[in-house]
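As C-alpha coordinates, the structure follows; a few thoughts come after it.
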Amino acid sequence: MNAETKIQSVEINGVAVPLLFEQSKNIPVGSVQLVFIGGSADGAKAGLGALSAKILNEGTKDLGSVEFAKKLESKAISLYASVGLQTLNLELSYLKEFQNESFTLLNELLKQPNLTQQALSKVKTLTLNKLAQQEDDFDTIAEQNLYKILFKGTAMAIPLLGDKQSVESVSLQDVEQFLQRNLVLKRLIIVAGGDLQENEFKATLINALSTLPVGESKEKLSFEVTKQPDSVSVKKPTQQAFVYFGSRFDNADKSKNYMARVMSFILGGSGFGSRMMEEVRVKRGLAYSAYMRVNVGDAAEYTSGYLQTKLENKDEAIKVVKEVIKEFVNNGVSEEELNAAKAFLLGSEPLREESLSQRLNAKFLNYFRDLPLDHHKRELDQIKDLKLDELNAYIKSHKEILELSFSVVE
(Lines give C-alpha, C1' and ligand atoms only; values in the text may rest on other atoms or scores of the structure.)
Protein backbone atom coordinates (compact mmCIF):
# COMPACT_ATOMS: atom_id res chain seq x y z
CA MET A 1 0.00 0.00 0.00
CA ASN A 2 1.22 3.51 -0.87
CA ALA A 3 0.82 6.65 1.19
CA GLU A 4 0.57 10.16 -0.22
CA THR A 5 3.82 12.03 -0.70
CA LYS A 6 4.24 14.53 2.12
CA ILE A 7 6.35 17.66 2.40
CA GLN A 8 8.24 17.59 5.67
CA SER A 9 11.61 18.76 6.86
CA VAL A 10 14.46 17.24 8.82
CA GLU A 11 16.68 19.40 10.99
CA ILE A 12 20.38 18.81 10.32
CA ASN A 13 23.00 21.04 11.93
CA GLY A 14 20.33 23.66 12.58
CA VAL A 15 19.04 23.68 8.98
CA ALA A 16 15.47 22.63 8.19
CA VAL A 17 16.08 20.55 5.07
CA PRO A 18 12.95 19.93 2.93
CA LEU A 19 11.96 16.27 2.70
CA LEU A 20 9.47 14.82 0.22
CA PHE A 21 8.60 11.42 1.60
CA GLU A 22 6.31 8.60 0.47
CA GLN A 23 5.97 5.25 2.17
CA SER A 24 5.42 2.31 -0.16
CA LYS A 25 5.35 -1.27 1.13
CA ASN A 26 5.04 -2.90 -2.31
CA ILE A 27 8.63 -4.15 -2.29
CA PRO A 28 11.29 -4.00 0.48
CA VAL A 29 13.46 -1.26 -0.99
CA GLY A 30 14.42 2.31 -0.22
CA SER A 31 15.08 5.14 -2.66
CA VAL A 32 16.70 8.44 -1.70
CA GLN A 33 17.60 11.35 -3.93
CA LEU A 34 19.70 14.23 -2.62
CA VAL A 35 19.11 17.28 -4.81
CA PHE A 36 21.49 20.21 -4.32
CA ILE A 37 20.42 23.47 -5.97
CA GLY A 38 23.32 24.80 -8.06
CA GLY A 39 24.31 22.39 -10.79
CA SER A 40 26.27 23.18 -13.93
CA ALA A 41 25.02 26.78 -13.99
CA ASP A 42 27.01 27.28 -10.77
CA GLY A 43 30.28 26.21 -12.36
CA ALA A 44 33.03 28.75 -12.95
CA LYS A 45 34.06 26.84 -16.10
CA ALA A 46 31.98 25.09 -18.75
CA GLY A 47 31.69 21.39 -17.94
CA LEU A 48 32.91 21.76 -14.33
CA GLY A 49 29.60 20.51 -12.91
CA ALA A 50 29.64 17.40 -15.09
CA LEU A 51 33.26 16.60 -14.18
CA SER A 52 32.49 17.09 -10.48
CA ALA A 53 29.54 14.67 -10.66
CA LYS A 54 31.76 12.12 -12.41
CA ILE A 55 34.34 12.48 -9.63
CA LEU A 56 31.62 11.56 -7.12
CA ASN A 57 31.16 8.33 -9.09
CA GLU A 58 34.84 7.47 -8.56
CA GLY A 59 34.40 6.34 -4.97
CA THR A 60 36.24 7.66 -1.91
CA LYS A 61 39.81 8.79 -1.52
CA ASP A 62 40.58 5.87 0.84
CA LEU A 63 39.03 3.09 -1.23
CA GLY A 64 39.22 4.41 -4.79
CA SER A 65 36.65 3.64 -7.46
CA VAL A 66 37.10 -0.15 -7.73
CA GLU A 67 37.00 -1.05 -4.03
CA PHE A 68 34.15 1.38 -3.33
CA ALA A 69 32.18 -0.12 -6.23
CA LYS A 70 32.81 -3.63 -4.83
CA LYS A 71 31.36 -2.56 -1.47
CA LEU A 72 28.24 -1.23 -3.19
CA GLU A 73 27.83 -4.34 -5.34
CA SER A 74 28.27 -6.76 -2.45
CA LYS A 75 25.06 -5.40 -0.91
CA ALA A 76 23.25 -4.59 -4.20
CA ILE A 77 23.41 -0.86 -3.40
CA SER A 78 23.19 1.72 -6.17
CA LEU A 79 24.77 5.15 -5.57
CA TYR A 80 25.07 7.47 -8.53
CA ALA A 81 25.80 11.18 -9.03
CA SER A 82 24.61 13.33 -11.92
CA VAL A 83 24.33 17.00 -12.76
CA GLY A 84 21.70 19.13 -14.47
CA LEU A 85 21.57 22.79 -15.35
CA GLN A 86 20.48 23.76 -11.83
CA THR A 87 20.95 20.66 -9.69
CA LEU A 88 23.66 18.30 -8.51
CA ASN A 89 22.03 14.96 -7.67
CA LEU A 90 22.99 11.90 -5.65
CA GLU A 91 20.67 8.89 -6.04
CA LEU A 92 20.80 6.05 -3.55
CA SER A 93 18.73 2.88 -3.77
CA TYR A 94 19.01 -0.23 -1.64
CA LEU A 95 17.31 -3.28 -0.22
CA LYS A 96 15.59 -2.51 3.08
CA GLU A 97 17.85 -4.90 5.01
CA PHE A 98 20.94 -2.94 3.92
CA GLN A 99 19.72 0.55 4.82
CA ASN A 100 22.42 1.17 7.44
CA GLU A 101 25.24 -0.03 5.18
CA SER A 102 23.89 2.15 2.35
CA PHE A 103 23.92 5.31 4.41
CA THR A 104 27.34 4.49 5.84
CA LEU A 105 28.76 4.38 2.30
CA LEU A 106 26.90 7.57 1.37
CA ASN A 107 28.39 9.28 4.42
CA GLU A 108 31.90 8.10 3.48
CA LEU A 109 31.48 9.46 -0.04
CA LEU A 110 30.29 12.86 1.18
CA LYS A 111 33.12 13.10 3.74
CA GLN A 112 35.97 12.23 1.39
CA PRO A 113 35.19 11.97 -2.33
CA ASN A 114 38.02 10.72 -4.50
CA LEU A 115 39.56 14.14 -5.10
CA THR A 116 42.81 12.89 -6.62
CA GLN A 117 44.66 13.84 -9.76
CA GLN A 118 44.29 10.26 -10.98
CA ALA A 119 40.48 10.36 -10.69
CA LEU A 120 40.31 13.78 -12.35
CA SER A 121 42.50 12.61 -15.24
CA LYS A 122 40.26 9.59 -15.73
CA VAL A 123 36.99 11.57 -15.87
CA LYS A 124 38.59 14.22 -18.09
CA THR A 125 39.65 11.52 -20.56
CA LEU A 126 36.15 10.02 -20.60
CA THR A 127 34.62 13.46 -21.15
CA LEU A 128 37.05 14.39 -23.92
CA ASN A 129 36.29 11.08 -25.66
CA LYS A 130 32.57 11.85 -25.43
CA LEU A 131 33.13 15.33 -26.86
CA ALA A 132 35.15 13.82 -29.72
CA GLN A 133 32.26 11.44 -30.49
CA GLN A 134 29.84 14.38 -30.53
CA GLU A 135 31.83 15.99 -33.34
CA ASP A 136 30.27 13.34 -35.59
CA ASP A 137 26.84 13.51 -33.94
CA PHE A 138 25.07 15.99 -36.20
CA ASP A 139 21.91 16.05 -34.09
CA THR A 140 23.92 17.18 -31.07
CA ILE A 141 25.73 19.84 -33.10
CA ALA A 142 22.50 21.25 -34.52
CA GLU A 143 20.74 21.21 -31.15
CA GLN A 144 23.62 22.87 -29.30
CA ASN A 145 23.87 25.58 -31.95
CA LEU A 146 20.14 26.29 -31.60
CA TYR A 147 20.56 26.75 -27.84
CA LYS A 148 23.48 29.11 -28.51
CA ILE A 149 21.09 31.25 -30.58
CA LEU A 150 18.06 31.06 -28.30
CA PHE A 151 19.94 31.57 -25.02
CA LYS A 152 22.93 33.61 -26.13
CA GLY A 153 25.12 34.75 -23.25
CA THR A 154 23.47 32.52 -20.62
CA ALA A 155 24.26 29.20 -18.93
CA MET A 156 21.63 27.49 -21.13
CA ALA A 157 23.78 28.19 -24.17
CA ILE A 158 26.63 26.16 -22.68
CA PRO A 159 26.61 22.35 -23.12
CA LEU A 160 26.66 20.42 -19.82
CA LEU A 161 29.90 18.69 -20.83
CA GLY A 162 31.58 21.97 -21.79
CA ASP A 163 34.12 21.91 -24.62
CA LYS A 164 37.62 20.53 -25.12
CA GLN A 165 39.36 23.72 -23.97
CA SER A 166 37.24 24.23 -20.86
CA VAL A 167 37.47 20.57 -19.79
CA GLU A 168 41.26 20.55 -20.14
CA SER A 169 41.48 23.73 -18.04
CA VAL A 170 39.59 22.31 -15.03
CA SER A 171 41.87 21.74 -12.04
CA LEU A 172 41.43 19.58 -8.95
CA GLN A 173 40.97 22.79 -6.97
CA ASP A 174 38.12 23.83 -9.30
CA VAL A 175 36.31 20.54 -8.60
CA GLU A 176 36.97 20.75 -4.86
CA GLN A 177 35.58 24.29 -4.69
CA PHE A 178 32.54 23.32 -6.78
CA LEU A 179 31.71 20.42 -4.46
CA GLN A 180 32.33 22.51 -1.34
CA ARG A 181 29.95 25.15 -2.67
CA ASN A 182 27.22 22.75 -3.80
CA LEU A 183 27.25 19.86 -1.30
CA VAL A 184 25.78 21.94 1.53
CA LEU A 185 22.65 21.71 3.65
CA LYS A 186 21.20 25.07 2.63
CA ARG A 187 21.03 23.90 -0.99
CA LEU A 188 19.62 20.46 -0.24
CA ILE A 189 16.20 18.96 -0.99
CA ILE A 190 15.68 15.29 -0.07
CA VAL A 191 13.27 13.07 -2.02
CA ALA A 192 12.73 9.64 -0.47
CA GLY A 193 10.37 6.72 -0.58
CA GLY A 194 9.97 2.99 -0.18
CA ASP A 195 9.39 0.45 2.54
CA LEU A 196 10.80 2.75 5.21
CA GLN A 197 9.95 3.24 8.88
CA GLU A 198 9.64 7.01 8.91
CA ASN A 199 11.22 7.90 12.26
CA GLU A 200 14.01 5.35 11.95
CA PHE A 201 14.69 6.52 8.40
CA LYS A 202 14.87 10.19 9.46
CA ALA A 203 17.34 9.36 12.24
CA THR A 204 19.53 7.43 9.78
CA LEU A 205 19.27 10.30 7.30
CA ILE A 206 20.27 12.93 9.86
CA ASN A 207 23.23 10.86 11.01
CA ALA A 208 24.51 10.29 7.46
CA LEU A 209 24.16 13.91 6.34
CA SER A 210 25.42 15.63 9.48
CA THR A 211 28.87 15.65 7.90
CA LEU A 212 27.65 18.26 5.36
CA PRO A 213 28.44 21.92 6.07
CA VAL A 214 25.63 24.48 6.33
CA GLY A 215 26.89 26.53 3.37
CA GLU A 216 25.09 29.23 1.42
CA SER A 217 21.73 28.85 -0.30
CA LYS A 218 21.33 29.29 -4.06
CA GLU A 219 18.45 30.95 -5.87
CA LYS A 220 16.86 29.09 -8.77
CA LEU A 221 17.61 30.69 -12.11
CA SER A 222 15.40 31.61 -15.04
CA PHE A 223 16.42 32.43 -18.59
CA GLU A 224 14.78 34.35 -21.40
CA VAL A 225 15.02 33.60 -25.10
CA THR A 226 16.72 36.31 -27.12
CA LYS A 227 14.19 38.55 -28.85
CA GLN A 228 16.04 38.57 -32.18
CA PRO A 229 15.59 35.38 -34.29
CA ASP A 230 18.72 34.11 -36.03
CA SER A 231 19.93 31.21 -38.14
CA VAL A 232 23.14 29.24 -38.34
CA SER A 233 24.23 26.59 -40.83
CA VAL A 234 27.17 24.22 -40.46
CA LYS A 235 28.64 22.11 -43.26
CA LYS A 236 29.44 18.47 -42.49
CA PRO A 237 29.98 15.32 -44.59
CA THR A 238 26.34 14.19 -44.55
CA GLN A 239 23.64 13.28 -47.07
CA GLN A 240 20.94 14.51 -44.69
CA ALA A 241 20.03 17.94 -43.35
CA PHE A 242 19.53 18.12 -39.58
CA VAL A 243 17.18 21.00 -38.86
CA TYR A 244 16.52 22.30 -35.33
CA PHE A 245 14.29 25.31 -34.74
CA GLY A 246 12.71 27.23 -31.89
CA SER A 247 11.33 30.51 -30.62
CA ARG A 248 10.50 32.35 -27.46
CA PHE A 249 7.19 31.65 -25.76
CA ASP A 250 5.79 34.59 -23.83
CA ASN A 251 4.16 33.02 -20.80
CA ALA A 252 3.29 35.70 -18.29
CA ASP A 253 0.17 33.86 -17.07
CA LYS A 254 1.43 30.57 -15.57
CA SER A 255 -2.13 29.56 -14.65
CA LYS A 256 -2.69 28.72 -18.32
CA ASN A 257 0.19 26.26 -18.62
CA TYR A 258 -2.34 23.48 -19.13
CA MET A 259 -3.37 25.17 -22.38
CA ALA A 260 0.28 25.27 -23.47
CA ARG A 261 0.40 21.53 -22.84
CA VAL A 262 -2.60 20.87 -25.11
CA MET A 263 -1.32 23.33 -27.71
CA SER A 264 2.06 21.59 -27.72
CA PHE A 265 0.48 18.13 -28.07
CA ILE A 266 -1.59 19.11 -31.12
CA LEU A 267 1.05 21.22 -32.87
CA GLY A 268 3.91 18.77 -32.82
CA GLY A 269 4.53 17.07 -29.50
CA SER A 270 2.44 13.95 -30.03
CA GLY A 271 4.23 12.28 -32.93
CA PHE A 272 1.87 10.75 -35.50
CA GLY A 273 -1.37 12.69 -35.59
CA SER A 274 0.26 16.01 -34.74
CA ARG A 275 0.05 18.86 -37.24
CA MET A 276 3.80 18.95 -37.79
CA MET A 277 4.12 15.24 -38.48
CA GLU A 278 1.03 15.12 -40.70
CA GLU A 279 2.08 18.04 -42.88
CA VAL A 280 5.83 17.42 -43.08
CA ARG A 281 5.98 13.63 -43.25
CA VAL A 282 2.59 12.12 -44.05
CA LYS A 283 1.37 14.56 -46.70
CA ARG A 284 4.67 15.69 -48.22
CA GLY A 285 7.17 12.97 -47.33
CA LEU A 286 9.81 15.54 -46.42
CA ALA A 287 11.10 13.87 -43.26
CA TYR A 288 11.01 10.59 -41.37
CA SER A 289 9.92 12.44 -38.24
CA ALA A 290 9.13 16.02 -37.32
CA TYR A 291 8.12 17.46 -33.99
CA MET A 292 7.68 20.75 -32.19
CA ARG A 293 6.83 21.25 -28.56
CA VAL A 294 6.13 24.10 -26.18
CA ASN A 295 8.39 24.01 -23.12
CA VAL A 296 6.93 25.69 -20.01
CA GLY A 297 7.51 25.45 -16.29
CA ASP A 298 11.28 25.02 -16.25
CA ALA A 299 14.20 27.47 -16.19
CA ALA A 300 13.13 28.85 -19.56
CA GLU A 301 9.94 28.93 -21.62
CA TYR A 302 10.29 28.45 -25.35
CA THR A 303 9.35 26.28 -28.30
CA SER A 304 11.69 23.75 -29.87
CA GLY A 305 11.40 21.49 -32.87
CA TYR A 306 13.34 19.14 -35.08
CA LEU A 307 13.31 17.35 -38.41
CA GLN A 308 15.77 15.45 -40.56
CA THR A 309 15.43 15.50 -44.33
CA LYS A 310 17.33 15.00 -47.60
CA LEU A 311 19.66 17.85 -48.49
CA GLU A 312 17.62 18.72 -51.57
CA ASN A 313 14.44 18.96 -49.47
CA LYS A 314 15.84 21.19 -46.73
CA ASP A 315 14.53 24.55 -47.98
CA GLU A 316 11.06 23.19 -48.74
CA ALA A 317 10.89 21.46 -45.33
CA ILE A 318 11.75 24.70 -43.54
CA LYS A 319 9.14 26.53 -45.62
CA VAL A 320 6.49 23.95 -44.66
CA VAL A 321 7.40 24.24 -40.97
CA LYS A 322 6.81 27.99 -41.12
CA GLU A 323 3.52 27.51 -43.00
CA VAL A 324 2.25 24.91 -40.50
CA ILE A 325 2.94 27.17 -37.54
CA LYS A 326 1.40 30.21 -39.25
CA GLU A 327 -1.77 28.27 -40.08
CA PHE A 328 -1.89 26.90 -36.54
CA VAL A 329 -1.60 30.33 -34.90
CA ASN A 330 -4.02 32.06 -37.25
CA ASN A 331 -6.78 29.43 -37.36
CA GLY A 332 -6.29 27.32 -34.24
CA VAL A 333 -7.37 23.71 -33.88
CA SER A 334 -10.52 21.70 -34.55
CA GLU A 335 -12.90 20.12 -32.05
CA GLU A 336 -11.70 16.73 -33.25
CA GLU A 337 -8.05 17.60 -32.51
CA LEU A 338 -8.94 18.92 -29.06
CA ASN A 339 -10.95 15.80 -28.20
CA ALA A 340 -8.13 13.52 -29.36
CA ALA A 341 -5.62 15.48 -27.26
CA LYS A 342 -7.87 15.28 -24.21
CA ALA A 343 -8.39 11.55 -24.64
CA PHE A 344 -4.66 10.87 -24.81
CA LEU A 345 -3.53 13.24 -22.06
CA LEU A 346 -6.24 12.15 -19.63
CA GLY A 347 -5.82 8.46 -20.48
CA SER A 348 -2.03 8.30 -20.30
CA GLU A 349 -1.59 10.13 -16.99
CA PRO A 350 -2.14 7.04 -14.76
CA LEU A 351 0.72 5.30 -16.60
CA ARG A 352 3.05 8.10 -15.50
CA GLU A 353 2.52 7.33 -11.83
CA GLU A 354 2.79 3.55 -11.85
CA SER A 355 6.14 3.37 -10.06
CA LEU A 356 7.36 5.00 -6.88
CA SER A 357 10.17 6.79 -8.73
CA GLN A 358 7.70 8.26 -11.23
CA ARG A 359 5.45 9.54 -8.45
CA LEU A 360 8.31 11.02 -6.47
CA ASN A 361 9.80 12.65 -9.56
CA ALA A 362 6.46 14.26 -10.48
CA LYS A 363 6.02 15.59 -6.95
CA PHE A 364 9.59 16.88 -6.83
CA LEU A 365 9.20 18.77 -10.11
CA ASN A 366 6.07 20.43 -8.76
CA TYR A 367 7.85 21.33 -5.53
CA PHE A 368 10.89 22.65 -7.40
CA ARG A 369 8.62 24.86 -9.52
CA ASP A 370 6.85 26.21 -6.40
CA LEU A 371 3.60 24.45 -7.31
CA PRO A 372 1.26 22.28 -5.21
CA LEU A 373 2.48 18.67 -5.11
CA ASP A 374 -0.66 17.50 -6.95
CA HIS A 375 -0.45 20.24 -9.57
CA HIS A 376 -0.19 17.77 -12.47
CA LYS A 377 -3.50 16.20 -11.37
CA ARG A 378 -5.18 19.59 -11.09
CA GLU A 379 -4.02 20.30 -14.63
CA LEU A 380 -5.89 17.24 -15.85
CA ASP A 381 -9.15 18.65 -14.50
CA GLN A 382 -8.45 21.92 -16.32
CA ILE A 383 -7.69 20.05 -19.55
CA LYS A 384 -10.88 18.03 -19.17
CA ASP A 385 -12.96 21.24 -18.97
CA LEU A 386 -11.05 23.14 -21.67
CA LYS A 387 -13.28 24.67 -24.35
CA LEU A 388 -12.31 24.99 -28.01
CA ASP A 389 -12.78 28.77 -28.18
CA GLU A 390 -10.60 29.23 -25.06
CA LEU A 391 -7.79 27.17 -26.54
CA ASN A 392 -7.92 28.87 -29.92
CA ALA A 393 -7.89 32.34 -28.35
CA TYR A 394 -4.82 31.24 -26.35
CA ILE A 395 -3.06 29.91 -29.45
CA LYS A 396 -3.85 33.08 -31.40
CA SER A 397 -2.30 35.19 -28.62
CA HIS A 398 1.09 33.52 -29.12
CA LYS A 399 2.19 34.98 -32.43
CA GLU A 400 5.75 35.18 -31.08
CA ILE A 401 6.21 31.49 -31.98
CA LEU A 402 6.23 32.57 -35.64
CA GLU A 403 9.60 34.28 -35.03
CA LEU A 404 11.70 31.15 -35.47
CA SER A 405 15.43 30.65 -35.19
CA PHE A 406 16.99 27.80 -37.19
CA SER A 407 20.10 25.70 -36.70
CA VAL A 408 21.02 23.43 -39.60
CA VAL A 409 23.76 20.87 -40.19
CA GLU A 410 23.98 20.07 -43.90
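The values are calculated or read from the model by the stated rules, or taken from the named source; none is laboratory data. None of the values given here were measured: they were computed from a predicted structure. Every residue, glycine among them, receives a Cβ derived from its backbone with ideal geometry; neighbour counts consider all protein chains shown. Protein only, heavy atoms only, side chains kept; ligands, DNA and RNA dropped before computing areas. Shrake-Rupley method; radii C 1.70, N 1.55, O 1.52, S 1.80 Å.
Tabulated data
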read-out: Exposure of S289 as accessible area (Å², to 10), given a probe of 1.4 Å and all protein chains; value: 40 Å²
read-out: Relative contact order, percent, the chain [alpha-carbon distance under 8 Å, six or more residues apart]; value: 20 percent
read-out: Between helix 138-150 and the chain: long-axis angle, C-alpha atoms, 0 to 90°, nearest 10; value: 80 degrees
read-out: Förster-model FRET efficiency, 35 Å R0, E216 and V66, C-beta, rounded to 0.05; value: 0.50
read-out: Selection of trypsin sites (Lys or Arg not before Pro), the stretch 29-105, meeting DSSP coil and at most 16 other Cβ within 10 Å; value: K61, K75
read-out: Those residues of the stretch 107-141 whose amide nitrogen sits under 17 Å from the label point placed on K164, 7 Å along Cα→Cβ; value: 124-138, 141
read-out: Fully extended contour minus Cα-Cα distance, from D250 to S78, at 0.36 nm per residue; value: 57.8 nm
read-out: Helix axis angle, 64-74 relative to the chain longest principal axis, alpha carbon, degrees; value: 90 degrees
read-out: Accessible-area composition of the stretch 1-146, carbon plus sulfur, in percent [1.4 Å probe]; value: 49 percent
read-out: Above-threshold pairs, the threshold being 24 Å between Cα atoms, out of K75/K202; K54/K363; K363/K384; K254/K314; value: K54/K363; K254/K314
read-out: Cβ-defined net charge surrounding F242, 13 Å radius [Lys, Arg +1; Asp, Glu -1]; value: -1
read-out: Cβ-placed point charges (K, R +1; D, E -1), dipole of the chain about Cα centre in debye, nearest 20; value: 420 debye
read-out: By accessible area with a 1.4 Å probe, ligands and nucleic acids excluded, highest first: order of E349, E168; value: E168, E349
read-out: Surface share of carbon and sulfur [accessible, 1.4 angstrom probe, percent] for the stretch 211-295; value: 48 percent
read-out: Alpha-carbon centroid distance for the pair the stretch 220-259 / the stretch 62-134, whole angstrom; value: 34 Å
read-out: GNM top mover of P237, P372, P229 - the chain, alpha-carbon springs below 10 Å; value: P237
read-out: Magnitude of the charge dipole, the stretch 7-136, Cβ model with Lys/Arg +1 and Asp/Glu -1, debye to 20; value: 180 debye
read-out: Listed candidates [x] 20.9; [y] 23.4; [z] 22.5 - label of the one calculated as Kirkwood radius over Cα pairs in Å; value: [y]
read-out: Approximate spin-label separation E97-E316, in nm, with each point projected 7 Å along Cα-to-Cβ; value: 6.5 nm
read-out: ³J(HN,Hα), Karplus 6.51/-1.76/1.60, whole Hz, each residue of the stretch 115-125, x for Gly, Pro; value: 7, 10, 4, 4, 5, 5, 4, 5, 6, 5, 4
read-out: Stretchable slack from N207 to F272, in nm (0.36 nm times residue separation minus alpha-carbon distance); value: 18.3 nm
read-out: Most mobile of E200, E278, E73 in a GNM of the chain (Cα contacts under 10 Å); value: E200
read-out: Charge dipole (debye, nearest 20) of the stretch 42-101; +1 at Cβ of Lys and Arg, -1 at Cβ of Asp and Glu; value: 100 debye
read-out: Largest-first ordering by accessible area, 1.4 Å probe, given options E216, E91; value: E216, E91
read-out: Probe 1.4 Å, accessible area per residue of the chain, Å²; value: 47 Å²
read-out: Mean-position separation - Cα centroids, the stretch 341-410 and the stretch 174-217, in angstrom; value: 31 Å
read-out: Rounded to whole Hz, the Karplus (6.51, -1.76, 1.60) HN-Hα couplings of the stretch 229-235, x for glycine and proline; value: x, 8, 9, 9, 10, 10, 8
read-out: Gained length - A340 relative to T238, 0.36 nm times residue gap less alpha-carbon distance; value: 33.0 nm
